[in-house]
Amino acid sequence: EHCSGYFAGDSSIIGFSHTHLSGTGCPEMGDIMFMPVTGSVTFNAGSRENTSTGYRSRFSHQNEEAHPGYYRVKLDDYDIQAELTATERTAFHRYTFPASEHSGIVIDLGHGIGDQTTESSIRALNDTTFVGKRRSTGFVRDHTWYFYAVVSKPVELVTSFADRIISDKKDVAGKNTKLFLQFKTTKDEQIKVKVALSTVSMDGAKKNMEKEIPGWNFDEVRAEASAIWNDYLHKTDPP
């Protein structure tokens with residue numbers, strides 16, 4: 001049911017990852033997961049039935065919208081609207097937060113869809129830029145994704161998780177690593193996040209971002225993604 005990462009029967013969301021398979025019947029990928037939150041959360045993802053046990057959030061299909069190149073949903077536990085679009089190798093997130101002294105984003109490299117993390121690392125280059133890698137095994141026996149992420153708002157506090165050890169380190173490695181990025185937000189403040197991927201290196205991911213999404217215009221990237229889909233669909237038009 002969850003081989004692609006999304007199942008219509010669910011009522012909660014664990015986060016937004018950046019690699020997926022569709023139509024395979026085999027669960028795999030779900031690499032480099034981001035989840036916007038408010039308040040005090042743990043590094044535990046929680047259960048589908050009880051979101052209060054972790055950073056997972058409930059949602060309603062009535063507050064959900066999906067088009068080629070665009071997805072929007074309201075995270076009910078946090079009163080956050082999450083929007084996503086993408087280019088070929090770079091994702092663009094836009095989160096609309098409520099007023100909160102404790103807003104943030106969880107980056108979880110331990111998460112996967114039916115696979116297991118064998119090695120991961122995350123490092124803060126500065127208060128807006130975060131890099132890392134996730135290596136895993138599953139339906140694909142051994143594969144590695146590198147990422148380069150930039151947040152539009154400087155992060156005030158970083159808390160890390162590495163194989164059950166929680167600290168304030170900004171450079172961690174292990175089998176299961178996570179970062180919790182925290183900042184204050186005003187009502188309806190929009191925080192944007194760009195996340196580029198590469199199977200080669202973190203520098204390769206950075207170059208992909210610089211080429212594909214050099215700016216911060218979310219709506220422009222969304223329109224470009226929609227146009228690419230339409231161009232492919234029009235190839236099936238009769239002469």
| remark: Restricting attention to the stretch 67-87, the residues that are open to solvent by 60 Å² or more (accessible area, probe 1.4 Å) and modelled with pLDDT under 95 number exactly 2
| field | Single match in SER136, SER152, SER103, SER160 (criterion: within 25 Å of SER52 (Cβ to Cβ), of a type in the set (S, T, N, Q), touching a Phe, Trp or Tyr at 6+ places or on another chain (Cβ under 9 Å) and touching a residue at least 60 places away in the same chain (Cβ under 8 Å)) | value | SER103
| query | Does SER22 qualify as being in a loop (DSSP other than H, G, I, E, B) and within 26 Å of ASN230 (Cβ to Cβ)? | reply | yes
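Sort out which residues of the stretch 88-115 are more than 29 Å from PRO27 (Cα to Cα) and surrounded by fewer than 23 Cβ atoms within 10 Å (Cβ to Cβ), and write them in order of number.
Start the filter on the stretch 88-115 by keeping residues that are more than 29 Å from PRO27 (Cα to Cα), which leaves 96-103.
Hits for the stretch 88-115 are THR96, PRO98, ALA99, SER100, GLU101, HIS102.
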| In the stretch 46-79, how many residues are among the acidic types (Asp, Glu), in a strand (DSSP E or B) and within 24 Å of THR185 (Cα to Cα)? | 1
| field | the stretch 117-172, residues that are of a type in the set (Phe, Trp, Tyr) and out of contact with any Ser or Thr (no Cβ under 7 Å at 6 or more places or on another chain) | value | PHE130, PHE139, PHE147, TYR148
| field | Condition check for ALA124: buried (at least 23 other Cβ atoms within 10 Å of the Cβ) and closer than 22 Å to PRO154 by Cα | value | no
| said: Yes or no: the stretch 192-208 includes at least one residue that is touching a Phe, Trp or Tyr at 6+ places or on another chain (Cβ under 6 Å), closer than 26 Å to THR96 by Cα and assigned to a helix (DSSP H, G or I). | reply: yes
| note | Considering residues that are at pLDDT 95 or above and open to solvent by 10 Å² or more (accessible area, probe 1.4 Å), the number found within the stretch 136-148 is 4
| query | Looking only at residues in the stretch 209-229 that are without any contact (Cβ under 8 Å) to a residue 60 or more places away in the chain and assigned to a helix (DSSP H, G or I), which one is most open to solvent (accessible area, probe 1.4 Å)? | reply | LYS211
| For the stretch 53-66, which residues satisfy the criterion of being of a type in the set (S, T, N, Q) and buried (at least 19 other Cβ atoms within 10 Å of the Cβ)? | SER57
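The values are calculated or read from the model by the stated rules, or taken from the named source; none is laboratory data. Quick caveat, the model's predicted, so the values are computed rather than measured. Glycine gets a Cβ as well: all are built from the backbone with ideal geometry, and neighbour counts include every protein chain shown. These area figures cover heavy atoms from the full protein model, side chains too; ligands, DNA and RNA do not enter into them. Shrake-Rupley method; radii C 1.70, N 1.55, O 1.52, S 1.80 Å.
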